[in-house]
1. Could you check Val269 against (1) within 21 Å of Val207 (Cβ to Cβ); (2) surrounded by 13 or more Cβ atoms within 10 Å (Cβ to Cβ); (3) of a type in the set (Val, Ile, Thr) and say which number it fails?
2. What number goes with the only condition from (1) in contact with a strand residue (DSSP E or B) (Cβ under 9 Å, 6 or more places away or on another chain); (2) open to solvent by less than 10 Å² (accessible area, probe 1.4 Å); (3) aliphatic (A, V, I, L, M) that Met149 does not pass?
3. Could you list, in sequence order, all residues of the range 92-106 that are open to solvent by 10 Å² or more (accessible area, probe 1.4 Å) and closer than 24 Å to His210 by Cβ?
4. Out of all the residues in the range 224-263, which are modelled with pLDDT of 95 or more, over 22 Å from Thr71 (Cβ atoms) and not β-branched (Val, Ile, Thr)?
5. For residues that are in a helix (DSSP H, G or I), under 30 Å from Tyr120 (Cα atoms), open to solvent by less than 40 Å² (accessible area, probe 1.4 Å) and not small (Gly, Ala, Ser), tally how many sit in the range 7-54.
6. Given the criteria closer than 21 Å to Lys124 by Cβ, crowded, with 20+ Cβ neighbours inside 10 Å and at pLDDT 95 or above, does Leu178 qualify?
7. Taking Ser260, is it of a type in the set (Gly, Ala, Ser), under 20 Å from Phe33 (Cβ atoms) and loosely packed, with under 14 Cβ neighbours inside 10 Å?
8. Of the conditions (1) more than 23 Å from Tyr9 (Cβ to Cβ); (2) among the β-branched types (Val, Ile, Thr); (3) in contact with a Leu (Cβ under 6 Å, 6 or more places away or on another chain), Ile133 fails just one. Which one is it?
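The values are calculated or read from the model by the stated rules, or taken from the named source; none is laboratory data. As the structure is a prediction and not an experimental result, all values here were calculated from the model. Please note: Cβ atoms are built from the backbone with ideal geometry, for glycine as well, and neighbour counts cover all protein chains shown. Surface accessibility is based on the protein's heavy atoms, side chains included, excluding ligands, DNA and RNA. Shrake-Rupley method; radii C 1.70, N 1.55, O 1.52, S 1.80 Å.
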Amino acid sequence: MTVNAVGIYEKALPTGLSWEETFDLVHELGFNFLEFSVDESDERLARLDWTERERADFRNAMWKTGSRINTLMLSGHRRFPLGSADPAIRAKALDMMAKAIDLAVDLGVRNIQMAGYDVYYEPKTESSREWFIENLKTCVEMAAKKMVMLSIETMDDPFLNSLSKVDYLKTQIHSPFLQAYPDVGNLTAWPENDVAHEIESNIDSIVAVHLKDTKPVTPDFPGQFKEVPFGDGTVDFEAVLRLFHRLGYNGSYTVEMWTSKAEDPIAEVKKAKAYFDGLFERVGIVQEPILSRAA
């Protein structure tokens, strides 16, 4: 029997809570883990420079509540990309990765999800591609030394918007510490992707999955990749989950959603969890039991 852990993205939860309160809320809402964010904001980038005391307090809150972090979601490279034309920005990107790896080790995080952008706010060039690959190779070498997995997310950007493109990237960087983290919403939004074939052909590289709904890219619409209510987009979640179940996928699923604009964020998360609970039951996916708080 395949049992899967199901997590919730940090940005889905109310802000202003202590870490202990946050982890308790994760469990109360029926999730096994929290997906931890280090995005491009100054506030979350500062987590890379947490003191020893701050790291210890975070670990203690996890242990006390029987919680864990499966993935550190490092989207800060959107602001400081590995493929930037500015050598100072590329150096900053590598420094961020070194710090993220050390933070992951200190917090017991096994996987760092990387955003698959060569650049985001700069023009894309052949050089941005080459700098990205060269620097990604350095990142993988750093991560491998400390036994931390790097997984590339399939993106809302054409540079790495499919598992096939991530697979080709792996032919340039040979390491078991470089894998794929598909976002089923992003995969679905690009019309050139055959979603089922993408997953079937690359299942051996998939270490985790984002569950997110999207609206597709068309000749006159750029697609909608964020804040699409589940069921309002075009992702066939039942078919995708049935496919993962058939393939014996053992990794985790993370419900990726944002609730900063919601009047009642917790109610929105409960609604999303109920939506996926029904789908998991329908396709035969068994969810990992919720761990109890330490005595």
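1. Against the list (1) within 21 Å of Val207 (Cβ to Cβ); (2) surrounded by 13 or more Cβ atoms within 10 Å (Cβ to Cβ); (3) of a type in the set (Val, Ile, Thr), Val269 comes up short only on (1).
2. Of everything listed in (1) in contact with a strand residue (DSSP E or B) (Cβ under 9 Å, 6 or more places away or on another chain); (2) open to solvent by less than 10 Å² (accessible area, probe 1.4 Å); (3) aliphatic (A, V, I, L, M), Met149 misses just condition (2).
3. First pass over the range 92-106, keeping only residues open to solvent by 10 Å² or more (accessible area, probe 1.4 Å): 92, 94-95, 98-99, 102, 105-106.
Correct list: Lys99, Val105.
4. Once the filter is applied, which keeps residues that are modelled with pLDDT of 95 or more, over 22 Å from Thr71 (Cβ atoms) and not β-branched (Val, Ile, Thr), the range 224-263 yields Gln224, Pro229, Gly231, Asp232, Gly233, Asp236, Glu238, Ala239, Arg242, Arg246.
5. Going residue by residue through the range 7-54, those that are in a helix (DSSP H, G or I) are 10-12, 19-28, 42-49, 52-54.
Remaining after also requiring under 30 Å from Tyr120 (Cα atoms): 10-12, 42-49.
In the following step, the residues that additionally are open to solvent by less than 40 Å² (accessible area, probe 1.4 Å) were identified as 10, 12, 44-45, 47-48.
This time we only want the ones that are not small (Gly, Ala, Ser), so: 10, 44-45, 47-48.
Here the count works out to 5.
6. Working: closer than 21 Å to Lys124 by Cβ: no; crowded, with 20+ Cβ neighbours inside 10 Å: yes; at pLDDT 95 or above: yes.
Spelling it out, it is not the case that Leu178 is closer than 21 Å to Lys124 by Cβ, crowded, with 20+ Cβ neighbours inside 10 Å and at pLDDT 95 or above.
7. Details: of a type in the set (Gly, Ala, Ser): yes; under 20 Å from Phe33 (Cβ atoms): no; loosely packed, with under 14 Cβ neighbours inside 10 Å: yes.
Considered against the rule, which asks whether it is of a type in the set (Gly, Ala, Ser), under 20 Å from Phe33 (Cβ atoms) and loosely packed, with under 14 Cβ neighbours inside 10 Å, Ser260 comes out as no.
8. With respect to (1) more than 23 Å from Tyr9 (Cβ to Cβ); (2) among the β-branched types (Val, Ile, Thr); (3) in contact with a Leu (Cβ under 6 Å, 6 or more places away or on another chain), Ile133 is out only on (3).
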